[in-house]
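One structure is given here, and the rest of the page talks about it.
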Amino acid sequence: MSRSFVVRQSQIIGALMMREMATRYGRRGFGFLWVVGEPMMFCFGVIIMWTFIRAHNGHGLSVAAFVMTGYMNLLLLRHSISFSLSAVGSNLGLLYHRKLSPLHFYLTRSILELAGGTAAFIIVYLTLLLFRQVDVPHDWLLLYSGWILMWVMATGTGFIFSGLATRFEVLERIVPLLSYAMIPLSGVFFMVDWLPDNVRERYLWVPFPNAIEMVRAGVFGEFVPTHFSYAYAVATAFLLLLVGLLLIKNAEGYIDVD
């Protein structure tokens, strides 16, 4: 892979990202700020709602910190899936350019979700830190690793659903329902440690809770018990991504640009 190829692909994806932000959020008003503002407002809304419902969660954790570490991951997962589904359909006209392929659109939206979600996570974290609802992360490496692995898992899952939906149109209607069904499996609104011992080990075969538990371990430290397998999280994240890329490549023949 030559340096010129990498530079050219980076320029293409960069241009597509600018176009995506302009078409999705417009050029006026808040514009590009909605890339960060949308997930941030969702997270703050859920934090406020939970705070009114429960003064504490009964497990010695701040409600705001607990919701933040779970809900930001959920937004990353659900947005990656939903925006992947429409990645090609929203950009069909651009496929007349020989240098562009469907993979460019998928990667553009994936990177954009990572950038917006990460910026929103940082702003929410700093806000909660200012109000003393959360401490400085205890393990930065675990926090970064869990967040990136969650993004890879979300991207791979989005690619898998998109590749299948391109071949089987009925999946476009089913995938939104599946994304809701994935919420209890993701481990967003509870800690793995709260599960019975005989359930916990089986539950961790689901990839997403491993990444979320890593984020929580990085934020809360050893004072809050967490359960995850780093090796399993890495293996499943890249397996999901590989399967997703193969399905997208295989589905290119089903895309009608006429």
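Along the positive direction of the dipole of the chain (beta-carbon charges: Lys, Arg +1; Asp, Glu -1; about the Cα centre), which of Thr23, Ile48, Leu126 reaches farthest?
Thr23
Give the residue from Pro225, Phe83, Ile12 lying farthest towards the positive end of the charge dipole for the chain; charges sit on Cβ (+1 for Lys and Arg, -1 for Asp and Glu) and the dipole is referred to the Cα centre.
Of the candidates, Ile12 comes out farthest on the positive side.
Would you mind counting up the charge near Ser229? Only other residues with Cβ under 15 Å from its Cβ, with Lys and Arg at +1 and Asp and Glu at -1.
Cβ neighbours under 15 Å give a net charge of 0.
What is the angle, in °, between the Cα long axis of helix 102-130 and the longest principal axis of the Cα atoms in the chain? Nearest 10 is fine, range 0 to 90.
Here the helix axis deviates by roughly 30 degrees.
Residue by residue through segment 236-244, which ³J(HN,Hα) values in whole Hz follow from phi under the Karplus form 6.51 cos²θ - 1.76 cosθ + 1.60 (θ = phi - 60°), with glycine and proline marked x?
For segment 236-244, the Karplus-derived couplings read 6, 4, 6, 5, 4, 5, 5, 4, x Hz, x marking Gly and Pro.
Can you give the charge dipole size of the chain about its Cα centre, rounded to the nearest 20 debye, using +1 on the beta carbon of Lys and Arg and -1 on the beta carbon of Asp and Glu?
The dipole of the chain has a size of about 720 debye.
With a ≥ b ≥ c taken as the square roots of the eigenvalues of the C-alpha gyration tensor of segment 123-258, please select rounded if a/c is under 1.5 and otherwise prolate if a/b is larger than b/c or oblate if it is not?
prolate
Would you work out if segment 208-250 is rounded, prolate or oblate? Take a ≥ b ≥ c from the square roots of the eigenvalues of the alpha-carbon gyration tensor; rounded if a/c is under 1.5, else prolate when a/b is larger than b/c, oblate otherwise.
Prolate.
The list (1) 14.3; (2) 12.8; (3) 15.8 gives values of mean projected area of the Cα convex hull in nm², and only one came from this structure; which label was calculated from it?
Matching the structure shown: (3).
With everything on Cα atoms, drop me the angle between helix 3-25 and the longest principal axis of the chain, reported from 0 to 90° to the nearest 10.
70 degrees
Using θ = phi - 60° and the Karplus relation 6.51 cos²θ - 1.76 cosθ + 1.60, list the HN-Hα couplings for segment 185-190 in order, rounded to whole Hz, with x at every Gly or Pro.
Going residue by residue, I get 6, 6, x, 5, 9, 7 Hz, with x marking Gly and Pro.
Values in this text are rule-based calculations from the coordinates and carry no lab data. Bear in mind the structure is a predicted one, so any value in this text is a computation, not a measurement. Ideal geometry is used to build each Cβ from the backbone, glycine not excepted, and the neighbour counts take in all protein chains shown.
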